[in-house]
Structure formats: structure tokens, C-alpha cells
Amino acid sequence: MKIAIVTCDGFNEMDSFMALTLLNRVKQPGWRAELACPSMHALSMNGVKITAQRPLMFASEADAVLFGSGVQTREHVKNDSIMSAFHLDPDIQFIGSQCSGALFLHSLGLLNNTPVCTDATTGPVLQSLGAQVVEGPFHATGNIATAGGCLSATYLAMWVIWRSLGEEAARDVIAYAAPVGQKELYVDMAAQAIAAFI
């Protein structure tokens with residue numbers, strides 16, 4: 001299972017790092033989540049400089065692709081050198097977005113008038129583009145999922161694991177990361193958010 005977490009300049013650390021950490025808690029042969037970037041390095045919205053683990057074109061060969069949010073997403077989706085790197089296929093790939101990452105899905109023609117979850121800032125932008133924005137943390141239609149809010153990276157990660165390895169494996173990963181004394185509460189909340197879309 002190859003997973004690409006698309007990470008461009010201005011990225012939100014919570015989106016990319018939380019998804020990366022949770023997904024790599026899965027201990028299965030060949031299972032690996034990696035940060036895919038347009039260049040060798042990416043600078044986060046708070047000045048954290050990372051080294052790309054994979055080039056952006058890795059997303060086109062990955063089994064799952066997650067687009068996090070960031071303060072420069074609107075510029076990135078207008079950048080032909082970035083957008084031309086994506087050749088995604090929702091028939092064979094799990095594709096998800098978080099907050100402004102939904103702009104990537106829209107620009108790639110992947111939303112197809114399905115309900116979209118995003119953040120309060122990106123919602124009006126997507127609505128002006130004709131997208132059907134819903135007030136909720138998570139929504140999936142087939143192999144396309146959208147989530148809203150920084151902490152919803154948990155839901156995207158759980159969705160990928162659940163769809164790939166089943167509910168028990170997904171619950172185990174979230175339980176590992178959940179706060180002590182509240183593990184059952186956190187796992188049940190996450191499972192409730194995505195169970196209807198599995």
C-alpha cells in the first residue's frame with residue numbers, strides 16, 4: 001500500500017504530519033505513507049522546512065492520495081507545473097482532501113457534484129465554484145473523501161486504513177494515538193464520523 005500525502009509550500013503541519021504518523025502506524029509489509037512535494041523542500045505555514053520523501057508525480061502511482069491544506073493552496077491549484085503532475089484515477093485509488101485541499105480535488109475534476117467537507121474559509125470559495133459544501137467533519141462518495149478541520153486528518157487516515165484493512169485495524173491505529181483515559185471516546189467518535197461512508 002503506497003500512500004502519497006501531497007505537501008506543498010505553505011502546508012498545514014497538522015494535516016501532513018498527523019496523516020503521515022497515523023498511517024505509518026500500520027505495520028503491514030509494503031505499507032508506507034510518504035510526503036510528496038513539488039520540489040526537494042517544502043516550507044510550512046509556520047516556517048518548518050521539510051525534505052520531500054517523494055516527488056509529486058508519486059501521487060499518480062500511489063494507492064491512496066491525500067491532499068492537506070495550506071495557506072497557498074489557491075495559488076498551487078493555478079500552477080500548471082504542479083497540477084500537470086497529477087494523473088489520478090478514483091476507480092483504483094483512494095483520494096482524500098482536508099480543508100483547502102478540496103480545491104485540488106475540484107481543480108482535478110474529482111468532486112462531480114458530490115457533497116464536500118472543508119474549512120470555513122475554503123467553503124465559500126468552493127461554493128462560488130459550484131461545489132456542494134456541507135457542514136460536517138467527513139464525507140465520502142466511493143473512493144473520494146473530504147474532511148474539514150485540522151484534526152480531521154484522523155478521519156482521513158482512519159478511512160484509508162478501514163477501507164484497506166478493515167475496521168479493527170483502523171480502530172487500533174486511532175486508539176494508539178488517542179489521549180490516555182479517552183481512547184474509547186476518541187475511537188468511537190472517529191468511527192462514527194466515517195462508518196456511514198465505508
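Rule-based calculations on the coordinates, nothing more; no lab input. Nothing here was measured: the structure is a model prediction, and the numbers come from that model. Note that each Cβ is placed from the backbone with ideal geometry, even for glycine, and that neighbours are counted across all protein chains shown.
Straightening the chain between His41 and Tyr186 buys 48.8 nm, computed as 0.36 nm per residue apart minus the Cα-Cα spacing. The length gained by stretching the chain between Glu167 and Glu75 to full extension, at 0.36 nm per residue less their Cα-Cα distance, is 29.4 nm.
Take the residue pairs Lys78/Lys183; Lys49/Lys183; Lys2/Lys78 and return only those whose Cα atoms are more than 30 Å apart. Going by Cα-Cα distance, Lys78/Lys183; Lys49/Lys183 fall outside the 30 Å limit. Computed on the Cα atoms alone, the convex hull of the chain gives a volume of 110 cubic angstrom per residue.
Which residues does a label at Asp91 reach in the stretch 100-114, if reach means a backbone N under 16 Å from a point 7 Å past the Cα toward the Cβ? Only 110 fall inside the zone, counting backbone N under 16 Å.
Using the Kirkwood radius built from alpha carbon pairs, what does the Stokes-Einstein equation give as D for the stretch 1-78 at 25 °C and 0.890 mPa s, in µm² per second? Could you put the intermediate results ahead of the total?
Details: Rh = 12.4 Å.
Taking Rh from Cα pairs, D becomes 198 µm²/s.
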